[in-house]
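Remarks on the structure that follows.
The values are calculated or read from the model by the stated rules, or taken from the named source; none is laboratory data. A quick note: this is a predicted structure, and the numbers were derived from the prediction, not measured. Reconstructed Cβ throughout: ideal geometry from the backbone, glycine too, with neighbour counts over all protein chains shown. Calculation scope for accessible area: heavy atoms of the full protein, side chains included, ligands and nucleic acids excluded. Shrake-Rupley method; radii C 1.70, N 1.55, O 1.52, S 1.80 Å.
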Amino acid sequence: MAWQWFHRLGSPRWFYQKTSGWLPWLALASVVLLVTGSVWGLGFAPEDAKQGNSYRIIFIHVPAAFLALAGYYIMAISGAIGLIWKMKLSFAVMRAAAPIGAVLTFISLFTGAVWGKPTWGTYWVWDARITSMLILLFLYIGVMALSQAVSREQVADKASALLALVGTVNIPIIYKSVDWWFTLHQPATIRLTESSSIDPSMFYPLLVMIAGFYCTYAWTLLTHTRALILRRDMKTQWVQQELVGEK
Amino acid sequence: MSLTDVQSPVVGARATPGFAALFKIEMLLALRKRADIANPLLFFVTVLALLPLGVGPEPELLAKMAPGMIWVMALLATMLSQESLFRGDFEDGTLEQLALLPQPLYFAVLAKSLVHWIATGLPLALLSPLLALMLNLPTEGYLCLFVSLFLGTASLSLIGAIGAALTVALRRPGLLLALIVMPLYVPVLIFGTGAVQAAIDGYAYSAQLAILAALLAAAAALAPLAAAGAIRISLDN
């Protein structure tokens, strides 16, 4: 009985109906957290001693980079679950996670470039962290391209799940790149195990932003997954009832 | 080679076709299509010959670029020749027969990757001192370049097999294969060029070579598994 929820999770219909109630709350949480975080971070956090105001892009850059990496795990793990337990729903989550992750990776690369100009004097360097994030973008695009290229949906699901899994070998390298190759990019500022090298007055708004990005990610992922579920189950009765209402 | 020869381990009296038989068949096939072996090498040499024409023939500049250029060209040559790794067997149905064998598909992939490496990676590694000479690479780097290519191209063949297996059912896999496989090549490229650079600069480079060897061990253990899974998925298509 304990596993009942897990089996239910395999049903797109159950998932769709269950998550309907979550969406407004997630949306509310995202908006509140993001607004609070941006106002706090951009308006009230102190100026950085060395970088002046330009450091404030950290409030977008770091959360986006966080989610870009975490999003790859979400994609790969849901792909693995789909391969192992042959769950349709899990594949839908994987498919939905790919473009979101790609966009977040792009945002973190773009904000990094914008931030790099005033602080390092250059938009782009072949630094370990930047290059490995670019590789992450290619990994995402590869998964998306493969899933588009294979015409049969079930085959495309499995193939892209396998590719996502294979790609995970690069993720630890991306994570640790700033510590292993000490080049231009600063080492990780936020650490879970020891005290962070960032002042609390900047750290708290950053945490709020990270929480806000997580909520937004969950919200976007759910919305996208639900859309995919509707499209895939287009011909079933429950979707028709859901969209058209009771006949 | 006719289909019956290829199928002989499947239907033949020998009950243990095994890795060795598959390897022998693949090797024979590779030897009979010599152009397929020569093409990646020619590609490798031609592009490297274009390099001095493109960036200028200054010896210092070439010496600086040599390790990276040789490595990137090895990457491209491996990838381009990999597209056809499973294609012929997929089209004539041999791949399905291999998938039906009682022995794991793992060994078939391993045999094919090994032959692919012997046909492309190994000659590239053997040829590399000559190219290093042409590109004016400092002599300290020769041995390291050879060893790093020797280890690294084997990993590339194994990793590329995953991409080739994933795209075998597609009509035009070329660019998609590049998109899929290139990011996976990155660790090998980083440590391969890192080793050569360290050797040129006069530092110890055994650590990088050890990592390359470790990558190869991991690729040999895991990549054929992933590729075998990908073949089974592609056969569903």
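What pairs from A:Lys176/B:Lys64; A:Lys158/B:Lys64; A:Lys86/B:Lys24; A:Lys88/B:Lys33 go past 32 Å between their alpha carbons?
Distance filter (> 32 Å) returns A:Lys158/B:Lys64; A:Lys86/B:Lys24; A:Lys88/B:Lys33.
For the interface of A with B, what's the total buried accessible surface in square angstrom, probe 1.4 angstrom, rounded to the nearest hundred?
Accessible area lost upon association: around 1700 Å².
Rank B:Glu58, B:Glu26 by accessible area, highest first, at a 1.4 Å probe radius?
Descending order: B:Glu58, B:Glu26.
Hey, with R₀ at 22 Å, roughly what FRET efficiency would B:Gln103 and B:Ala217 work out to, going by the Cβ-Cβ distance, to 0.05?
Plugging the Cβ-Cβ distance into 1/(1 + (r/R0)^6) gives 0.50.
Where in chain A are the helices, taken as whole DSSP H runs, whose Cα atoms extend 18 angstrom or more along the long axis and whose Kyte-Doolittle mean reaches at least -0.5?
A:22-38, A:58-85, A:88-120, A:128-149, A:153-167, A:200-232
Leaving out ligands, DNA and RNA, what percent of the accessible area of region A:12-163 is carbon and sulfur, probe 1.4 Å?
The value for region A:12-163 is 71 percent carbon and sulfur by accessible area.
For B:Lys112, which aspartates and glutamates qualify as cross-link partners when the Cα separation must be under 18 Å and same-chain residues fewer than eight apart are set aside?
Counting by Cα, and skipping residues close in sequence, B:Lys112 has these aspartates and glutamates nearby: B:Asp5, B:Glu26, B:Asp36, B:Glu83, B:Asp89, B:Glu91, B:Asp92, B:Glu96.
What helices does chain B have that are whole DSSP H segments, at least 20 Å long along their own axis by Cα, and with mean Kyte-Doolittle hydropathy of 0.0 or more?
Qualifying helices, which must be both long enough and hydrophobic enough, are B:18-32, B:34-55, B:59-82, B:141-166, B:174-201, B:206-236.
For the protein assembly as shown, take the alpha-carbon Rg, divide it by the Kirkwood Rh, and send me Rg/Rh.
Radius of gyration over Kirkwood radius for the protein assembly as shown works out to 1.02.
Under a 1.4 Å probe, what is the accessible area of the protein assembly as shown per residue, stated in Å²?
On a per-residue basis, 48 Å².
Between B:Asp201 and A:Val35, how many nm apart are label points set 7 Å from Cα along the C-beta direction?
Calculated label separation equals 5.2 nm.
List the residues of region A:104-139 for which accessible area in the full set of protein chains is at least 20 Å² lower than for the chain on its own; 1.4 Å probe, protein heavy atoms only.
Buried by 20 Å² or more upon assembly, which counts only protein chains, are A:Ile135, A:Phe138, A:Leu139.
Could you pull out every one of the lysines with an alpha carbon less than 17 Å from that of A:Lys50, ignoring same-chain neighbours closer than 8 positions?
Excluding near neighbours in sequence, the set is A:Lys117.
Run the 1.4 Å probe and let me know the accessible area of A:Thr225, rounded to the nearest 10 Å².
Around 0 Å² of this residue is reachable by solvent.
Using only Cα atoms, what is the ratio of the radius of gyration of chain B to 2.2 N^0.38 Å?
That ratio works out to 1.06.
Rank these by accessible area, largest first, 1.4 Å probe: A:Cys215, B:Cys144.
From most accessible down to least: A:Cys215, B:Cys144.
Using alpha-carbon pairs under 8 Å, 6+ residues apart, how would you state the relative contact order of chain A in percent?
Taking the mean separation of contacting Cα pairs over the length of chain A, I get 31 percent.
Just by accessible area at a 1.4 angstrom probe, what is the order of A:Lys176, B:Lys64, B:Lys112 from largest to smallest?
So, going from the largest accessible area down, we get B:Lys64, A:Lys176, B:Lys112.
Would you please report the Å³ per residue occupied by the convex hull of the alpha carbon atoms in region A:31-105?
It is 93 Å³ per residue.
With just the Cα atoms of chain A, tell me how far they stretch along each of the three principal axes, in Å, largest first.
For chain A, the Cα extents along the three principal axes come out at 64, 36, 33 Å.
Roughly how many Å² of A:His61 are accessible to a 1.4 Å probe, to the nearest 10?
Roughly 30 Å² of A:His61 is accessible to a 1.4 Å probe.
Charges at C-beta only: +1 for Lys and Arg, -1 for Asp and Glu. How large is the resulting dipole of chain A about its Cα centre, in Debye rounded to 20?
Dipole of chain A, to the nearest 20 debye: 880 debye.
Not counting ligands, DNA or RNA, and with a 1.4 Å probe, what is A:Trp115's accessible surface area in Å² rounded to the nearest 10?
Per-residue accessible area (A:Trp115): approximately 30 Å².
On the accessible surface of region B:74-122, probed at 1.4 Å, how many percent belong to carbon and sulfur atoms?
66 percent
Would you mind giving the three semi-axes, in whole Å and largest first, of the ellipsoid equivalent to region A:1-72 according to its Cα gyration tensor?
39, 15, 9
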